[in-house]
1. Being touching a residue at least 12 places away in the same chain (Cβ under 8 Å), more than 18 Å from VAL134 (Cα to Cα) and acidic (Asp, Glu): is that true of GLU96 here?
2. Residue check: is MET40 within 16 Å of the ligand (Cβ to nearest atom) and either modelled with pLDDT under 90 or surrounded by 15 or more Cβ atoms within 10 Å (Cβ to Cβ) (or both)?
3. Give me the pairs: first residue in the stretch 13-30 and in contact (Cβ under 8 Å) with a residue 12 or more places away in the chain and more than 10 Å from the ligand (Cβ to nearest atom), second residue of a type in the set (S, T, N, Q) and in a loop (DSSP other than H, G, I, E, B), beta-carbon distance under 7 Å, and six or more apart or on different chains, which are they?
4. Given the residues ALA72, ALA93, which is the only one that is at negative phi, of a type outside the set (S, T, N, Q) and touching a Ser or Thr at 6+ places or on another chain (Cβ under 8 Å)?
5. Could you grab me the full set of residues in the stretch 90-117 that are among the hydroxyl-bearing types (Ser, Thr, Tyr) and within 15 Å of the ligand (Cβ to nearest atom)?
6. Working only within the stretch 113-138, note down all residues that are of a type outside the set (D, E, K, R) and in a strand (DSSP E or B).
Amino acid sequence: MRLKAVPVRKNICACGMRTESINKGGVHMSCWREQHVLRMPATTIGINTKDEWNAFYSKIKEETDWGAGSFAPALCSYAENGPMIDYILVDSAPVEGGGFKMKARLLWYNEEEEYLPIFQKEFPGFTLEQMDEVHYCEYKWYDATEAPYCY
Ligand SMILES: [Zn+2]
């Protein structure tokens, strides 16, 4: 049996992994990480071609800090719906290890209204109808690997 609260011990990361390579913060390289994001396909804002995406990607990667409270290209693979754009609500590491997590759902109507101004500030003219394509995604992954796809 494994206790949930991991005591601080030498060579044991906060995620629970036993390893020699722990940095000063008590975390091992490429630890478990969890994000909660508001995610939409790039097509929602009219990015439909590879050239358009590349232009957008170059610009946003200069501007984003990849942390909570910023827009960034999604860290997951772009299967099915093409490139995705995230508004990051939670970015947490280390988190307890033990398995990948992928959860996605539609926004509640009151959430669409709540988050609309954030999207309008970044993408002027963004509408409440476009918020229908924004999904709430929670996922956890081992940061050395590609994040699992969810939408
Ligand atoms: Zn770890």
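1. yes
2. Here the answer is no, as MET40 does not meet what is asked.
3. none
4. ALA72
5. SER92
6. Listed by number, the residues that qualify are HIS135, TYR136, CYS137.
The values are calculated or read from the model by the stated rules, or taken from the named source; none is laboratory data. Since this is a predicted model, take the numbers as computed values, not measurements. Don't worry about glycine lacking a Cβ; one is built from the backbone with ideal geometry, like all the others, and counts go over all protein chains shown.
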